[in-house]
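Visitor: Once you've had a glance at the structure underneath, I'll fire off some questions.
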Amino acid sequence: MNSMYKYYFLVLIIILSSCGKKSEWTTKSDEALDFYLKGREAHVSFNSGKALDLYKKSFQADTSFAVVALFLADIYFDDGNKDSAKYFIEKSHQLVTKASRYEKLIINSTYAKFMGNGEKAKLMEDSLMTEYADRLDVKAMIARKAFANADYDLCREKYFEIIEEYPEYAMAYNMIGYSYAMQGYYRDAQMYFKKYVETAPNILNPYDSMAEFYMITGKYHETIDFLGKLVDEKKSSLDQNRFLAAVIYLKIADAYQNLGQLSKAIEYAEIAKNYLNSVQAAMHQINNFLFYLYFDLDDVDGMKNEYDRIKSNIPKVESNYLNILVKIKERNYIGAEKEIDDFCSKIQYKEKNYIKFVAILEGELAFARERYAVASDKFKTAVGIKGDIYPARIQNKYYISLGLDGKIDEAIEGLESILAKNPNNPVSLINICQFYYENDEVNKAKFYMQHLLKLWENADKDSPMMLRAMELKQNLQDY
C-alpha cells in the first residue's frame, strides 16, 4: 500500500511546475521558487532525498518562504526526525502572516492537525476545497479524501477530471488503479497501473504499484520475477530512493511468504531493512510485516522482538493493538480482554478504523478461545468496513470461523469467492480443502490440495501450515 501514500499528518498538496501559479507562492526569489517547484516534483515522485536537498536550497534562497518550511517538516517527519519536523512546521506557522490566502489555508490546516485541533483543520480544508475547487492540486486533495472515505466513484471522477486537463499527471493513474482494486475490479486496476508505468517509466513507484496488482491477484511468482528484473535494471535508482527500494524488497518478501518460503521472506525483509537504516517511519512497515509473519507462525518471541523495535516509534493506538495480539498468542486471555476494554476507552471508538481494530482484536481473542460463533460475528463486522487492499486476510478469518462453528457450506461458499479473485490464496486453499474433507467431498478436497502443493512446491517443510497440509494430504489418501 505504500504506493498510495506514505505521509502521516501533513497535507500533501500536489504542486507541479506546470500547474502552479507563481502569484500563489509568496516569495520574491525566482531561485527559491524554482528550487521549490522542482522539490515538489521530486517529492511526489517519492524521491524524498532529492526533494529534501531542493527544499533546503529553496529555503536558503528565501528564509521567509513559509510553504517550503511546511514541506521540509513533511520530509523530516516521514524520515523519523521529529525534532526537525517540529521546528519547521512551527517555522512555517510563524511565517504564514505574509503568505497568500492559499498558502495560509494549507499551512494553518496542517498546523491545526499538528496541534491536535482536527475540527479547525477540517474547516480550513473545507475552505481550500470550496475556494480553490478548480485547481488540479485541490481536485487531487478531494480525490484522496474520497479514497480515504471509500468513496471510490468520487475519487475516480476527480482524477479523471485532472488527467483530462493534465494527462501527464502520473499519480492520478496510480490512484485510479487503486480505487478499482479496492472494489475488486482487477482488470480495470491493471489497465491503470500499466498507464502509470507508461506515464512515469523513470521512477520506481509505478513498478511497485504494478507489483501490488500481481500480489492481490495471487501472481506471486510474477511479482518476484517482475521486481527481480527491476532490481537488476534500476540498481542506481534503488540506491537514490532508498524508501521505495525497501518497499520493493518488502513486497518480494511478501510474495515469498505467500509461497510458503518463510526463510526467504525473512531474508528479503532484512535486505529491506538495510536500505532504510534508521528511517523510523519506514522501518515500522518492515517490522510490522515481520510481526505478522511471526504471528502466523505462532512465534511469540519473534512477535515480541519486532514489537519491541517499533513500539516507541508508532502511534499509541497501534502500539496497544500489537501488544494485545502478543497477549492473545501468549494465551493471556484475561490480560488481553482487559486491555481490549482499556483500548476501547482510550480511542474514538465511533471512527470506522477503530471499530475495525476492535472487531479484529475481539475476533482473534474469541478464535483463540475456540469461541467460533463469537469470532465469526466479530470478523464479519471487520469485513464490512471498507478500505483494505487485501480484504481476503480478514475474510479468511471470517469464513474459517464460520466453518469451525459448523457452518461448513457457508464457509466453503465464502472461500470460493476469495479464490475466484485470487486462485492462489494459500490460507483459502488449505481451509477450503479441510472443509470439503469434513463435508465428505473428497475429490474437491484433493483438487484444492493438489493446487496448494503445486503452489508450495518450494515451501519450507517445517512451517505450521505446511505440516498441516501434509497431515491433511495423508488423511485424504487414507479416506
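The values are calculated or read from the model by the stated rules, or taken from the named source; none is laboratory data. Only a predicted model underlies this, so the values are computations on that prediction, with no experimental measurement involved. Note that each Cβ is placed from the backbone with ideal geometry, even for glycine, and that neighbours are counted across all protein chains shown.
Visitor: Which one is nearest to Ala32 (Cα to Cα) among residues in the range 66-105 that are under 29 Å from the mean Cα position of the chain (by Cα) and basic (Lys, Arg)?
Guide: My answer is Lys86.
Visitor: A follow-up question, please. Going by the structure shown, is Ala66 at pLDDT below 90 and farther than 24 Å from Tyr169 by Cβ? Talk me through it step by step, then tell me what you get.
Guide: Working: at pLDDT below 90: no; farther than 24 Å from Tyr169 by Cβ: yes.
It is false that Ala66 is at pLDDT below 90 and farther than 24 Å from Tyr169 by Cβ.
Visitor: Separate question: Which of (1) part of a helix (DSSP H, G or I); (2) within 17 Å of Glu168 (Cα to Cα) does His221 not meet, given it meets every other one?
Guide: (2)
Visitor: Could you check the range 461-479 and list, in sequence order, the residues that are without any contact (Cβ under 8 Å) to a residue 60 or more places away in the chain and either of a type in the set (A, V, I, L, M, F, W, C) or assigned to a loop (DSSP other than H, G, I, E, B) (or both)? Even if it seems obvious, please write down each step before you answer.
Guide: The initial filter retains those residues of the range 461-479 that are without any contact (Cβ under 8 Å) to a residue 60 or more places away in the chain, namely 461-462, 467-479.
Hits for the range 461-479 are Lys461, Asp462, Leu467, Ala469, Met470, Leu472, Leu476, Tyr479.
Visitor: Within the range 219-252, count every residue that is in contact (Cβ under 8 Å) with a residue 24 or more places away in the chain and over 16 Å from the mean Cα position of the chain (by Cα).
Guide: Step one: list which residues in the range 219-252 are in contact (Cβ under 8 Å) with a residue 24 or more places away in the chain, which gives 219-221, 223-224, 227-228, 230, 234, 237-238, 240-252.
Then drop every residue that is not over 16 Å from the mean Cα position of the chain (by Cα), which leaves 219-221, 223-224, 227-228, 230, 234, 237-238, 240-242.
Residues that pass the stated criteria total 14.
Visitor: Can I ask one more? Scanning the range 109-140 for residues that are surrounded by fewer than 21 Cβ atoms within 10 Å (Cβ to Cβ) and among the polar types (S, T, N, Q), which turns out farthest from Met175 (Cα to Cα)?
Guide: Once the filter is applied, the top-ranked residue is Asn117.
Visitor: Within the range 229-281, take every residue that is of a type in the set (A, V, I, L, M, F, W, C) and not in a helix (DSSP H, G or I) and give me the one that is surrounded by the most Cβ atoms within 10 Å (Cβ to Cβ). Working first, answer last.
Guide: Keep residues of the range 229-281 that are of a type in the set (A, V, I, L, M, F, W, C), which gives 230-231, 238, 243-248, 250, 252-253, 255, 259, 262, 265-266, 269, 271-272, 276, 279, 281.
The next check asks that each one be not in a helix (DSSP H, G or I); those that pass are 259, 279.
Working: Leu259: 22, Val279: 17.
Only one residue fits best here, namely Leu259.
Visitor: Still on this structure, I have one more. Considering only residues that are surrounded by 15 or more Cβ atoms within 10 Å (Cβ to Cβ) and outside any helix (DSSP H, G or I), look in the range 141-164 and name the one that is nearest to the chain's Cα centre (by Cα).
Guide: Only one residue fits best here, namely Ala150.
Visitor: Do we have Ser376 as surrounded by fewer than 18 Cβ atoms within 10 Å (Cβ to Cβ), among the hydroxyl-bearing types (Ser, Thr, Tyr) and without any contact (Cβ under 8 Å) to a residue 40 or more places away in the chain here? Give the steps one after another, and end with the answer.
Guide: Values: surrounded by fewer than 18 Cβ atoms within 10 Å (Cβ to Cβ): no; among the hydroxyl-bearing types (Ser, Thr, Tyr): yes; without any contact (Cβ under 8 Å) to a residue 40 or more places away in the chain: yes.
Answer is no for this residue.
Visitor: So, in the range 436-460, exactly how many residues are out of contact with any helix residue (DSSP H, G or I) (no Cβ under 8 Å at 6 or more places or on another chain) and either under 29 Å from Glu267 (Cα atoms) or in contact (Cβ under 8 Å) with a residue 60 or more places away in the chain (or both)?
Guide: Just the residues of the range 436-460 that are out of contact with any helix residue (DSSP H, G or I) (no Cβ under 8 Å at 6 or more places or on another chain), to begin with: 440-441, 443, 447, 450, 454, 457-458.
Next, only the ones that are either under 29 Å from Glu267 (Cα atoms) or in contact (Cβ under 8 Å) with a residue 60 or more places away in the chain (or both) stay: 450, 454, 457-458.
Matching residues across the range 436-460 total 4.
Visitor: Another one. Given (1) under 22 Å from the mean Cα position of the chain (by Cα); (2) surrounded by 17 or more Cβ atoms within 10 Å (Cβ to Cβ), identify the lone condition not met by Asp296.
Guide: Condition not satisfied by Asp296: (2).
Visitor: Determine whether the range 346-354 contains at least one residue that is under 21 Å from Leu250 (Cβ atoms), within 19 Å of the chain's Cα centre (by Cα) and among the basic types (Lys, Arg). Spell out the reasoning first.
Guide: In the first step, residues of the range 346-354 are kept if they are under 21 Å from Leu250 (Cβ atoms); the result is none.
Checked against the condition, which is being under 21 Å from Leu250 (Cβ atoms), within 19 Å of the chain's Cα centre (by Cα) and among the basic types (Lys, Arg), the range 346-354 yields no hits at all.
Visitor: Search the range 299-321 for residues being surrounded by 20 or more Cβ atoms within 10 Å (Cβ to Cβ) and hydrophobic (A, V, I, L, M, F, W, C), and hand back the single one that is modelled with the lowest pLDDT.
Guide: Selected residue: Ile310.
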